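For reference, the structure discussed in these notes is given below.
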Amino acid sequence: MESAVRSHDNKLPKNGAAPSRAFWLKQLHQWHWISSALCLVGMLLFAVTGFTLNHAGQIEAQATTVHRSAQLPSPLLKAVGGDDERKGTALPAAVADWIAGTLDVDVASRTGDWSSDEIYISMPRPGGDAWVSIDRETGKVETERSSRGVIAYLNDLHKGRHAGPAWGWFIDVFALACVIFSVTGLLLLKMHAAQRGATWPLVAFGLVLPLLLALIFIH
């Protein structure tokens, strides 16, 4: 009986090594699956658009353009008349409201460049472009909206191009989640490497391959 107890005691982990390993495995698995859940849709989006951006020349985009014009009423023409020059100045609220109601273009939050004869407001957006022009003498208002399609829209989201600050914050949070996902994955590989002999050769291959491609084929 005493011998069996001693034999059992010899099998117990020293210095709490096994409980510590179990604790860190649990923590890493938890952070890994949480970050993977947060990254899932974003990683699919960025992977697909990475492919479409890499083959942008082979993927045809058919642009559509809509051009509209209208005449600014005389009372509102007085609010934008003159020949002074300004940069980054918004339209008067009444003019912006009239443009929104008549031409279905929201310029209330936009600023424009005022030259001596024209007010020009540029409104680029993901996958397309738009602008509004007001002739300060005649009151003629022109607007044009163009779209290059869904793929161009997603490509611009990939680059954060003209997508606004909210999307910029999303990219930052998504990037942080990807870092957590990758680091926890690397630590899990380390903890399981003893049972999986191909772990470090595969990790090394993933590191060396892009380096070799960059050194050999990119000049």
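Annotations
- Scanning segment 78-93 for residues that are touching a strand residue (DSSP E or B) at 6+ places or on another chain (Cβ under 9 Å), surrounded by 11 or more Cβ atoms within 10 Å (Cβ to Cβ) and not charged (D, E, K, R) yields 80, 82, 89, 90, 91.
- Whichever residue in segment 87-117 is in a helix (DSSP H, G or I) and of a type in the set (Val, Ile, Thr) and, among such residues, is farthest from residue 67 (Cα to Cα): 95
- Residue 181 vs. criteria aromatic (Phe, Trp, Tyr) and touching a residue at least 60 places away in the same chain (Cβ under 8 Å): yes
- Residue 75 passes every criterion in (1) part of a helix (DSSP H, G or I); (2) surrounded by 13 or more Cβ atoms within 10 Å (Cβ to Cβ) apart from (2).
- Any chance residue 200 is of a type in the set (Phe, Trp, Tyr), more than 30 Å from residue 83 (Cβ to Cβ), part of a helix (DSSP H, G or I) and at pLDDT below 95: yes
- Filtered residues of segment 118-168 (kept if in the same structural domain as residue 69 (by TED's automatic domain parsing), free of Cβ contacts under 8 Å to residues at least 60 places away in the same chain, in contact with a strand residue (DSSP E or B) (Cβ under 7 Å, 6 or more places away or on another chain) and not in a strand (DSSP E or B)): 123, 127, 136
- Filter result for the condition that a residue is over 21 Å from residue 46 (Cβ atoms) and among the aliphatic types (A, V, I, L, M), over 207, 187: 187
The values are calculated or read from the model by the stated rules, or taken from the named source; none is laboratory data. From a predicted model like this one, the values you see are computed outputs, not experimental measurements. Every residue, glycine among them, receives a Cβ derived from its backbone with ideal geometry; neighbour counts consider all protein chains shown.
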